[in-house]
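Before any comments, here is the structure.
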Amino acid sequence: MQFCLLDVVKLRERLLAGMDDGSDVPAGSVGTIVEVLSESEGMYLVEFSDDEGRTLGLPAVSHTQIEPAP
């Protein structure tokens with residue numbers, strides 16, 4: 001499945017966020033696609049945040065790791 005810039009997606013699996021504090025992004029987290037890295041390979045940069053708007057992570061993810069958010 002292809003996604004577009006600013007699509008809201010849900011993470012299918014836990015990811016290391018790469019944040020300085022070593023925190024991760026839990027499966028089921030909702031985020032927004034902020035960059036399409038490779039349309040042909042289905043790679044996206046997604047900003048995930050918690051319920052208070054704090055960024056959990058900004059990982060590059062494959063289309064297989066995300067799904068449309070309800």
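Of all residues in the range 6-35, those satisfying the criterion of being open to solvent by 100 Å² or more (accessible area, probe 1.4 Å) and either under 18 Å from Glu67 (Cβ atoms) or not in a loop (DSSP other than H, G, I, E, B) (or both) are Leu6, Arg12, Arg14, Leu16. For the range 26-40, enumerate the residues that are in contact (Cβ under 8 Å) with a residue 24 or more places away in the chain, out of contact with any strand residue (DSSP E or B) (no Cβ under 6 Å at 6 or more places or on another chain) and among the polar types (S, T, N, Q). Of everything in the range 26-40, nothing turns out to be in contact (Cβ under 8 Å) with a residue 24 or more places away in the chain, out of contact with any strand residue (DSSP E or B) (no Cβ under 6 Å at 6 or more places or on another chain) and among the polar types (S, T, N, Q). Among the conditions (1) of a type outside the set (Val, Ile, Thr); (2) at negative phi; (3) open to solvent by 50 Å² or more (accessible area, probe 1.4 Å), the only one that Ser38 does not satisfy is (3).
Counting residues in the range 60-67 that are of a type in the set (Ser, Thr, Tyr) and assigned to a helix (DSSP H, G or I) gives one or more.
Consider the range 41-70. How many of its residues are touching a strand residue (DSSP E or B) at 6+ places or on another chain (Cβ under 8 Å), open to solvent by 70 Å² or more (accessible area, probe 1.4 Å) and at pLDDT below 90? Residues that pass the stated criteria total 2.
The values are calculated or read from the model by the stated rules, or taken from the named source; none is laboratory data. These numbers come from a predicted model, not from an experiment. Positions of Cβ are generated from backbone atoms using ideal geometry, with glycine treated the same way; all protein chains shown enter the neighbour counts. Side chains included, ligands, DNA and RNA excluded: accessible areas come from the protein's heavy atoms. Shrake-Rupley method; radii C 1.70, N 1.55, O 1.52, S 1.80 Å.
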